[in-house]
Structure formats: C-alpha cells, structure tokens
1. Among (1) open to solvent by less than 40 Å² (accessible area, probe 1.4 Å); (2) out of contact with any Lys or Arg (no Cβ under 9 Å at 6 or more places or on another chain); (3) part of a loop (DSSP other than H, G, I, E, B), which single condition is residue 86 missing?
2. Across the range 87-135, what is the total count of residues that are farther than 26 Å from residue 71 by Cβ and small (Gly, Ala, Ser)?
3. Surrounded by fewer than 17 Cβ atoms within 10 Å (Cβ to Cβ), among the hydrophobic types (A, V, I, L, M, F, W, C) and part of a helix (DSSP H, G or I): is that true of residue 147 in this structure?
4. Kindly indicate the residue of the range 1-29 that is modelled with pLDDT of 80 or more and within 16 Å of residue 66 (Cα to Cα) and also surrounded by the fewest Cβ atoms within 10 Å (Cβ to Cβ) among those meeting that condition.
5. Considering only the range 14-62, state which residues are β-branched (Val, Ile, Thr) and over 24 Å from residue 127 (Cβ atoms).
6. If you check 133, 98, which single one turns out to be open to solvent by less than 20 Å² (accessible area, probe 1.4 Å), modelled with pLDDT of 95 or more and either touching a helix residue (DSSP H, G or I) at 6+ places or on another chain (Cβ under 6 Å) or not small (Gly, Ala, Ser) (or both)?
7. Consider residue 34 against the criteria (1) part of a helix (DSSP H, G or I); (2) closer than 21 Å to residue 17 by Cα; (3) open to solvent by 70 Å² or more (accessible area, probe 1.4 Å); (4) not hydrophobic (A, V, I, L, M, F, W, C): it satisfies all of them except one. Which criterion is unmet?
8. Any idea which of 40, 61 is open to solvent by 30 Å² or more (accessible area, probe 1.4 Å) and at pLDDT 95 or above?
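The values are calculated or read from the model by the stated rules, or taken from the named source; none is laboratory data. Just so we're clear, the structure is a prediction, and the values are computed from it rather than from any experiment. Neighbour counts run over all protein chains shown; Cβ positions are idealised from the backbone, glycine included. The area values use the complete protein model at the heavy-atom level, side chains included, leaving out ligands, DNA and RNA. Shrake-Rupley method; radii C 1.70, N 1.55, O 1.52, S 1.80 Å.
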Amino acid sequence: MCAIVFLLASLASAQHCRKIDIDRSSGFCTVPDPALTPGEMDSALACVSNRDRPRNVSNSEKTVILAAYGYAADTDKSSGEFDHWFPHWMGGSDGPKNIWFEPHAGKYGSFTKDKVELMLWHAVCVDKTMSLNQAKRRYLQGWTRLVSQH
C-alpha cells in the first residue's frame, strides 16, 4: 500500500515539471513548476543569516502549496520540506511565489539540493569567490549539474 501512495505522489509531482527535470530515482521533480513557483528574491537580503531573518511559512500556506501541486491534504509533510526555490540565503522570499513542497526521496531530493545550496552559499557569502549573480545563474542552469562539485 505504501508503494502505491508513493507512486501516486510521484505521478502528481511529475505532472508539474518537464521530463528532463524528473529525478529518475524517485519520480519527483527536481525543480518547481514555474507557473506555480516562479521564484522571488531580494538580492539585498543575500547572505543575511536565518537568525536575523527567520523563515516564515504558515500552515495554511503549506496546505495551499500541497493542493496546487496535486498532493493530498493529509500528505506526510515529513516526507519532504517546504523549500525556497531561490534559496533563503540568496534573498529568496518566504512568499507563495518562492515556496514549494520538495520531497526528500531520490538522488536529487531536498537533502542533495541543500548541499548544493550550501556549496553556493559558501562560495558567495564566506569565500567570496563567486558573485550572487554567478551563483544564481549556475543554480538556474541546473542545480543537479552541481551535485558532483560539493
């Protein structure tokens, strides 16, 4: 039964992305649907710590996001995270244009994307070896291509 639920959730998610953006190991999208989550950021907030700029996404917003992506209201939220398309450290907003439900499952699930985001954050905010615009461009060209670099 669990496998059927997982398959149905994967199919619902896969309907919202291009075939090239589907993680073959899980069936889930590696990027959000641009019609639902086009991304929103304020570069002036780049590199501001989460302590100084806490994340703020309400439960009602999470319910709306799940529904928009075709997930059931009772979806196990611990199977993924409500993540920022443009990372919070880039100045990504907590608004509905920038938050999507990103499953943990698969080679390119949320945990892997978090590692890529951390690598880019380090290059921009700590080492200063990359500009914010360079990091954003590389990220948008396909964050999954950066996996082997972290």
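1. (2)
2. Total meeting the criteria: 4.
3. So residue 147 fits the description; yes.
4. Within the range 1-29, the first condition is being modelled with pLDDT of 80 or more, and the residues that meet it are 17-29.
Next cut, within 16 Å of residue 66 (Cα to Cα) only: 17, 28-29.
Numbers: 17: 17, 28: 29, 29: 22.
Filtering the range 1-29 for residues that are modelled with pLDDT of 80 or more and within 16 Å of residue 66 (Cα to Cα), the one surrounded by the fewest Cβ atoms within 10 Å (Cβ to Cβ) comes out as 17.
5. Residues of the range 14-62 β-branched (Val, Ile, Thr): 20, 22, 30-31, 37, 48, 57.
Result: 20, 22, 30, 31, 37, 57.
6. Sole residue among the options that is open to solvent by less than 20 Å² (accessible area, probe 1.4 Å), modelled with pLDDT of 95 or more and either touching a helix residue (DSSP H, G or I) at 6+ places or on another chain (Cβ under 6 Å) or not small (Gly, Ala, Ser) (or both): 98.
7. (1)
8. Working: 61 fails: at pLDDT 95 or above.
Only one candidate passes the filter, namely 40.
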